[in-house]
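Beneath this line is the structure, given in structure tokens, with notes to follow.
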Amino acid sequence: MCKLVSTGAKYKHKHYVCHYCLYPFLNEDRLKEHTIMCRQHQSQQIRHPTPHKDEVLKFTKFNYQFPVPFVIYADFECLLEKNESDHSVMHVPSGFCACHLVLKHPFCFYDGNLTFLMGFNLITRAAFTIDAESRCVV
């Protein structure tokens, strides 16, 4: 299985493949961590559109979706800072924005509230914000 999945891979190292989703890993430990979560979900099947037959790709099998009570869309904005000693570039978070959608089949509700954060300890504050929003929605 590993040779089949890794034939088109960019790197020619040994791959460890998840038997549930066929995602290749370079490290066996990472595969084990991934497999714990992946085996809890149903298998996926990929079907590519046929040229001149499937002109429009539409999602119609809503019964195969994972049921979730809400979705949080979040985005970090970063500034690039150069390190003069080793000429590397580092991404430094400068802003964060998030909104949540409550999913009640077949409708999706958005209350219009956006969360904006700027300043120090941005990643920690963003994690607390996402956690707080998830607790409010559920």
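Considering only the stretch 61-82, how many residues are part of a strand (DSSP E or B) and touching a residue at least 40 places away in the same chain (Cβ under 8 Å)?
Adding up the residues that qualify gives 4.
Which condition number does V68 fail, the rest of (1) within 17 Å of the chain's Cα centre (by Cα); (2) of a type in the set (V, I, T); (3) modelled with pLDDT of 80 or more being met?
Result: V68 passes all but (3).
List every residue pair whose Cβ atoms lie under 9 Å apart, where the two residues are 6 or more positions apart in sequence or sit on different chains, the first residue falls within the stretch 122-138 and is within 15 Å of Y73 (Cα to Cα) and at pLDDT below 85, and the second residue, located anywhere, is surrounded by 13 or more Cβ atoms within 10 Å (Cβ to Cβ) and of a type in the set (S, T, N, Q).
E133/T115
The values are calculated or read from the model by the stated rules, or taken from the named source; none is laboratory data. These numbers come from a predicted model, not from an experiment. So basically every Cβ, Gly included, is an ideal-geometry build from the backbone, and we count neighbours across all protein chains shown.
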